[in-house]
Structures are given as C-alpha cells and as structure tokens.
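Undergrad: Below: one structure in structure tokens.
The values are calculated or read from the model by the stated rules, or taken from the named source; none is laboratory data. Keep in mind it's a predicted model, so treat the numbers as computed, not measured. Please note: Cβ atoms are built from the backbone with ideal geometry, for glycine as well, and neighbour counts cover all protein chains shown.
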Amino acid sequence: MSSEIESRNWNRKVDERGVCWLTFDKHDSSTNVLSSETVSELENELAQLEAQVPAALVIISGKDSGFIAGADITEFGDLDDATEVTATASRGQAVCQRIADLPCPTVAALNGFTLGGGLEVALACDYRVALRGYKRCMGLPEVQLGFNPGWGGTVRSVQLLGAPVALDLMLTGKMVSPVEAEKIGLVDRLAEPGTLVESVTALLAEKPRPKRASFTQRLLDLAPIRPLIAKNVRARVRRRAKPEHYPAPFAIIDLWQQFGAKGREAFAAEAESIGRLMVGDTSKNLVRVFFLRERLKKLAPKETRISKVHVVGAGVMGGDIASWCALRGLDVSLQDREMRFVEPAIARAKKLFSRRLRGPGEAEAAEQRLTVDLSGDRVPEADVIIEAIIEDVGAKRDVFRKLEAAAAPDAILATNTSSIGLEEIAEKFEDPSRLVGLHFFNPVARLPLVEVVKGEKSAADVVSRAMSFATQIGKLPLPCRSAPGFVVNRILAPYMLEALRAHEEGTPIETIDKAATDFGMPTGPVELSDRVGLDISLHVTESLCGVAPEALRKKVAAGDLGAKSGKGFYEFKDNRPQRAKDFPAPDKTLQDRLILLLVNESMACFEEGIVDDLDLLDAGVIFGTGFAPFRGGPIHYAKQAGIDAVIARLEDLAKRYGTQFTPRPGWRDLAHGR
C-alpha cells in the first residue's frame, strides 16, 4: 500500500494500482452501523476522494459480522420532528449520490449482513461483489420498522432490479442470500470464501458494464402502466396489512406510482415520506418492538455446551419441537409409545427441513440429526430433556419419574405444559429443583416465543441454562413464574371466553373476529379457538376461567373440534375458515370488550408477579399472542390511550357485562408512578 489516512471508524488505503480500499470498522462495536458519527466521517472521506480521485473505490467491511447492518437504531428515539428526519434522510441520500457521482469505478465488497442503509450504500456503487456461503443476509427491511428506505433505496433498487422485484423486497422487508441476490441482479459477482479481495480485483480488471433493469422491466415504470400495477400490488398488500395500521408499504407503492423511480423529485419525496412515517405512532411502536425483541434475545447467552436433546411425545408440539431443534443443528432423539405415533412427526420434519434448508446437503444432514428412540435409550446422554405429552398431571408425573432416574445429573428436565403448574408435576420428583417449564407455541417453526417457567423449587442455574437453550435454538425466552396458564394462555383464555359470550348473546362470529382484526390482531378470537382446537380451548377455559360457554361444550361433544376436524365454529376448506359474506359491522363496545379484557388480564400477570417487568410482559404478549405489534404491547397501548381513560372504560364495561372487567389495582399504581 502506498498511502494511508485513518479516522476513528473508516480506514482509507490506496494500493499500488491506485485503487482506494475504504474499510468500515465501527469503533467499539461488533457490527457496522450508520450513525451520525460514522456518516460524518464518511462525508470527510468522500471529500478526500473527490479532491484526489483514485483509479477505483472499493468499500469493504473490517467486521466479520458483515458489511453494514443499516442505521444505528438507538438514535431513532431522538427524532421527533418530521422535518429533522427528512433532513437526515436527505443527508444520507447526498452521501450515496456522492459515491454514485465519483468519476471512477466503485465496488461494494459484501461479506454477510448488508441491510437497510448498508444496502443503499452498496446500491450507489457501480458493482457489488458478495461473499458466497451466507444465508439470507441482504435486504431493505425498513418496512418492518414502519418506514420506507430513505437513502435512495426506493429509487435505485427499482432502477437496478425492476419494479416487481424491488417492490417485493421493500414491501416484505425480506432478506435474500448472496446466491439469491445474484439471481435477481442485486449483486454482480459471487466470491468464494477467502477470495473477496481477489474477486473484487478481478472485476475491476474486467470493468463490465454496470447492471440495470432490463428494457422490459423499465417499460413497467412508464406513467400509463404504473397505476394498473400499483392497484394490484396495493390489493395484495391490503390482504395482510391495513393502511391505517401499517402505512409504510402503501407509502412505498405511492412513491413508485408517482415518480417511477426517476428524477430528483423521487429522492425528495422519499425523504419527505420517511420523515412523516418515522415520527408516527406505528413506526415508534414498531421500533419499540424491535428493541423488545433484542432485549429478549440478550436475556441469556447462547449455551454452546448443549448439543443433544431428547423429546418425549411425538404429537404436533413434541414432534415440531424436536424438528426445530434438529433444524438448529442439535442432535435430537424423539420418543413415543409406538412408531405409528412418530411417523407423522418425521414426515412434517422432512417438509420443514426441505423448506428452510436450501444449501447442498443441509436438509439431509438435519434428517440425520433427528432420530427415533422408542425405548428412551438416549435419555442418559441428553443435555436437555423435554416432555411434551398430553395435559394430564398423572401421566406427566409417570414420565418424569422414569426420566429423572435415567437422566444425567446435570441434564435440564423441562415440561412443555401449557396450563399445569410445575409444582404439581414436581410432587413426585426426587429433586424438584431440576424441573423447569419450556412452553413452546404452535406452530413451533413460526412463533418465536418460549415461556421459560420457574417453579417454586426450580433451581436458578437450571432456569438460567433453560433460558440459554431457548436463545441457542433461535427462540425468544420469556422468564415467568409458574402460575395457571403462565402468561400467554392466562391472557388468551378470558379473551376467547368473552368472544364466545358475545356469540351466545347473538353476535355473529364473523363480527366478533372482525372487531379483533380491525384492532390489529392477526386472527380473531373465534377463529383462534378453532385453530387451537376446541377440545383444548375447552380444557384451558375451564382450567383458567372456571367456566366454559355451553356452545363450546356442545361443539366438543359433537366432535367438531375446529380446523383439525374440518369444523368448529367455522367450517374449514383447505384449512381456511368459510365466513359468511354479509354480517353486521362490529362496534367500538365489542372491540373494547375483547381488547380491554386482554389488556386488563395482562396487568393481572404483572400484579401477581408472573412476569416482574412491564416491558417484558409487553414483549411476551406481542410475540406469544400476536397482539398488534404496531400498538407496542398491551401495557404500552393502555399508556398511549391514557390510563385514566382505560380505567373509566373498564368500569363502564364491568357495570354492563360483569366483574371480569373490574380494573386491576395495578393501573392506578401505574398512573401514580408506583
């Protein structure tokens, strides 16, 4: 290297060929993110390059964790003025434009995570070379935080990829692997491990024509065609998100329809759009949810000592827990009474592996990690043993009596019970301190939360290791105390019960479910009951609420168990509920009956010490029940609505519908800062 200029976060070196290698290595961080400081330094670096133009510029990362993981989200809390946000976005656009305007070839050398603003920096370069071997690590995920890309991404992604592909990336926020990125035209070349610098050098020697969208793709950006495409895209997006709940995807479509990813006006409108969105409640709450997720991830370190898992019970829950652990790289043995009970679980596991593991030999390797062990011979070698049989305390005690005797002294003994207190199960244990709860949710592969349940006698180190295990397999661990229903079922049971009460009063099930989905819940409570299984709903409701609607009892007695039997409160065809086309629109009172009961029960969980942190409680309800993320969690929702207003509304509902709505004392404590 012939010359060198250093700054705190960027290292600029020019080699003997005149190529400038600008290395981003954020100080005191394991990950490169774009902060105010790092952007200021990048501006200074670009000024140097503009004054003395190199033969070529290569932007590369000094981190093993990836290229650039996007903006520093910790700075978002300081942005409360739309004009200020717009100015910040315009500054980022200007930085990217300076890269694009350099009169020399520019290359982004991508090793792993290239997200948000990081990808927008890469898009400003003439070429992108990505290191092969990473899973999905590249994308524009801003929509998941409630805003649009703001450093030119809504323009340059369309210019490079064409509207259909670019809009799909932005509207879903999905990530793609380097291999997928090459196929769609996002990167120009793939480098084999250890050859990133060499691949960049070879590309610069060749100087191929920079990629851009094809002529056919560019035709879709013509003004007469854009409204037709935009209408169809909006309709698809509206099926999974409402504009009043999630305005960002609709803003992205509007930007493209109006400007077709052309001209200075497109960049200016992008910056103004992100300014409006970032200061709105939806974005603020989604950023809050992001930090709640990160907090759950960091509650316990990944436990690298755990390598072998044994699961007892090959039903839907047990089988899917086993397959998920195998997917995550652990050796898993699955036990049940007979092979016929295990075979459906193995079949589901193969489908999961083929869907999630796309690399050469990955699915086959996962299949090898999942073995059948009908006799329980592998129990002594397991690091974690999970019981996932029927919800019967006697049966669970019998299983654990054998497991405790055979298990290694330091093995974690865990139950996946959803409603039985750990103290009841541990009654026959020689050492009840060994038992913890690991309550997964169905479907295991989709729902991220695991309730890590501490019984009265559970040892602290066992709970800690169980938390680490949940983190190791990519789940979000929620620590909670053993109590009927724990957190999620405790909160959902009265919510579903109130829905069925409203139905018995004469309200159509479609109206009830729409009241919940209008609020932002992913599924209405009646459909949720059908999805869970009406037999399970009946058991949970009776166990936790002490009562059950007669309509629910009759359905179960008739064998109408919901989606799994093809008929419950709804009839199901192709696993889809058949709804009446015409039904009365829900009113605010019905919505309040459902949502405020759930919110009030959330406060009860905090009062009773089931979860001792209100933010963690919000996180658990969001990730465990699907509580509308854009609301920020039930407690946060109550704060935004006004605690006094929530108390008054609950009191009114209690007078009209029953004592289940009596406001919990914790609301007044919260209102007075106690």
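Undergrad: Kindly state which strands (runs of 3 or more DSSP E) lie completely within the range 379-448 and contain at least 3 residues that are closer than 28 Å to PHE353 by Cβ and of a type in the set (A, V, I, L, M).
TA: So the answer is 384-387, 412-415.
For (1) in contact with a Phe, Trp or Tyr (Cβ under 8 Å, 6 or more places away or on another chain); (2) free of Cβ contacts under 8 Å to residues at least 40 places away in the same chain; (3) of a type in the set (Val, Ile, Thr), each residue gets a yes or a no:
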{"site": "GLU343", "(1), (2), (3)": "no, yes, no"}
{"site": "ARG348", "(1), (2), (3)": "no, yes, no"}
{"site": "LYS351", "(1), (2), (3)": "no, yes, no"}
{"site": "ARG355", "(1), (2), (3)": "no, yes, no"}
{"site": "ALA366", "(1), (2), (3)": "yes, no, no"}
{"site": "GLU381", "(1), (2), (3)": "no, no, no"}
{"site": "LYS396", "(1), (2), (3)": "no, yes, no"}
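Undergrad: Identify all residues within the range 286-316 that are free of Cβ contacts under 8 Å to residues at least 60 places away in the same chain and either touching a Gly at 6+ places or on another chain (Cβ under 6 Å) or basic (Lys, Arg) (or both); write none if there are none.
TA: Matches in the range 286-316: LYS298 only.
Undergrad: Determine whether the range 170-184 contains at least one residue that is hydroxyl-bearing (Ser, Thr, Tyr), assigned to a loop (DSSP other than H, G, I, E, B) and either at negative phi or in contact (Cβ under 8 Å) with a residue 60 or more places away in the chain (or both).
TA: yes
Undergrad: Looking at the range 117-168, which of its residues are surrounded by 23 or more Cβ atoms within 10 Å (Cβ to Cβ) and of a type in the set (S, T, N, Q)?
TA: ASN148, THR154, SER157 - these are the residues of the range 117-168 that are surrounded by 23 or more Cβ atoms within 10 Å (Cβ to Cβ) and of a type in the set (S, T, N, Q).
Undergrad: Only residues that are touching a Lys or Arg at 6+ places or on another chain (Cβ under 6 Å) and among the β-branched types (Val, Ile, Thr): list them for the range 217-260, please.
TA: Selection gives ILE253 alone.
Undergrad: What is the one condition in (1) loosely packed, with under 14 Cβ neighbours inside 10 Å; (2) under 29 Å from the mean Cα position of the chain (by Cα) that GLY70 does not satisfy?
TA: (1)
Undergrad: Restricting to helices (runs of 4 or more DSSP H) lying wholly in the range 191-295: which have 1 or more residues that are assigned by TED's automatic domain parsing to the domain that holds ALA56 and under 30 Å from VAL129 (Cα atoms)?
TA: Output list reads 196-206, 215-219, 247-259, 263-278.
Undergrad: Can you pull out every residue in the range 17-63 that is part of a loop (DSSP other than H, G, I, E, B) and under 19 Å from THR195 (Cα atoms)?
TA: Scanning the range 17-63 gives ARG17, GLY62, LYS63.
Undergrad: Do we find a residue being within 24 Å of PRO210 (Cβ to Cβ) and outside any helix (DSSP H, G or I) anywhere in the range 91-102?
TA: yes
Undergrad: When you scan the range 244-285, how many residues do you find that are surrounded by fewer than 15 Cβ atoms within 10 Å (Cβ to Cβ) and without any contact (Cβ under 8 Å) to a residue 40 or more places away in the chain?
TA: Residues in the range 244-285 being surrounded by fewer than 15 Cβ atoms within 10 Å (Cβ to Cβ) and without any contact (Cβ under 8 Å) to a residue 40 or more places away in the chain: 5 in total.
Undergrad: Do you know which of the residues in the range 207-226 that are of a type outside the set (Ser, Thr, Tyr) and loosely packed, with under 10 Cβ neighbours inside 10 Å is nearest to ALA109 (Cα to Cα)?
TA: Result: ARG209.
Undergrad: I've got another one for you. Within the group ASP336, ASP383, ASP373, ASP320, which residue is of a type outside the set (Phe, Trp, Tyr) and surrounded by fewer than 20 Cβ atoms within 10 Å (Cβ to Cβ)?
TA: Checking each option against the conditions leaves just ASP373.
Undergrad: Looking only at residues in the range 291-303 that are touching a helix residue (DSSP H, G or I) at 6+ places or on another chain (Cβ under 6 Å) and farther than 16 Å from LEU614 by Cβ, which one is modelled with the lowest pLDDT?
TA: Selected residue: GLU303.
Undergrad: Answer yes or no: is there a residue in the range 402-410 that is modelled with pLDDT of 95 or more, loosely packed, with under 13 Cβ neighbours inside 10 Å, out of contact with any Asp or Glu (no Cβ under 9 Å at 6 or more places or on another chain) and over 19 Å from VAL309 (Cα atoms).
TA: No; the residues of the range 402-410 include none that is modelled with pLDDT of 95 or more, loosely packed, with under 13 Cβ neighbours inside 10 Å, out of contact with any Asp or Glu (no Cβ under 9 Å at 6 or more places or on another chain) and over 19 Å from VAL309 (Cα atoms).
Undergrad: Let me ask you something else. With (1) surrounded by 22 or more Cβ atoms within 10 Å (Cβ to Cβ); (2) touching a residue at least 40 places away in the same chain (Cβ under 8 Å); (3) among the small types (Gly, Ala, Ser) as the list, and GLY666 as the residue in question, which single condition is left unmet?
TA: The one condition GLY666 does not meet is (1).
Undergrad: May I pose another question? What single numbered condition from (1) surrounded by fewer than 22 Cβ atoms within 10 Å (Cβ to Cβ); (2) over 18 Å from GLN640 (Cβ atoms); (3) touching a residue at least 24 places away in the same chain (Cβ under 8 Å); (4) of a type in the set (D, E, K, R) fails to hold for ARG593?
TA: (1)
Undergrad: Being assigned to a helix (DSSP H, G or I) and touching a residue at least 40 places away in the same chain (Cβ under 8 Å) is the filter here, so list the residues in the range 120-152 that pass it.
TA: Matches in the range 120-152: VAL121, ALA122, PRO141, GLU142, VAL143, GLN144, LEU145.
Undergrad: I'd like to verify a number: residues in the range 117-149 that are touching a Pro at 6+ places or on another chain (Cβ under 6 Å) and among the basic types (Lys, Arg), how many?
TA: Going through the range 117-149 one residue at a time, the tally reaches 1.
Undergrad: Taking the options LEU292, LEU352, name whichever one is surrounded by 17 or more Cβ atoms within 10 Å (Cβ to Cβ), under 30 Å from GLU142 (Cα atoms) and in contact with a Ser or Thr (Cβ under 8 Å, 6 or more places away or on another chain).
TA: LEU352
Undergrad: With the condition kept exactly as written, say whether any residue in the range 203-226 is among the hydrophobic types (A, V, I, L, M, F, W, C), within 27 Å of SER283 (Cα to Cα), without any contact (Cβ under 8 Å) to a residue 60 or more places away in the chain and out of contact with any helix residue (DSSP H, G or I) (no Cβ under 7 Å at 6 or more places or on another chain).
TA: no
Undergrad: Could you tell me whether the range 178-201 includes any residue that is of a type outside the set (Phe, Trp, Tyr) and touching a Cys at 6+ places or on another chain (Cβ under 8 Å)?
TA: There is at least one residue in the range 178-201 that is of a type outside the set (Phe, Trp, Tyr) and touching a Cys at 6+ places or on another chain (Cβ under 8 Å).
Undergrad: If we keep just the residues of the range 304-346 that are of a type in the set (Lys, Arg) and in a loop (DSSP other than H, G, I, E, B), which is modelled with the lowest pLDDT?
TA: So the residue we want is ARG305.
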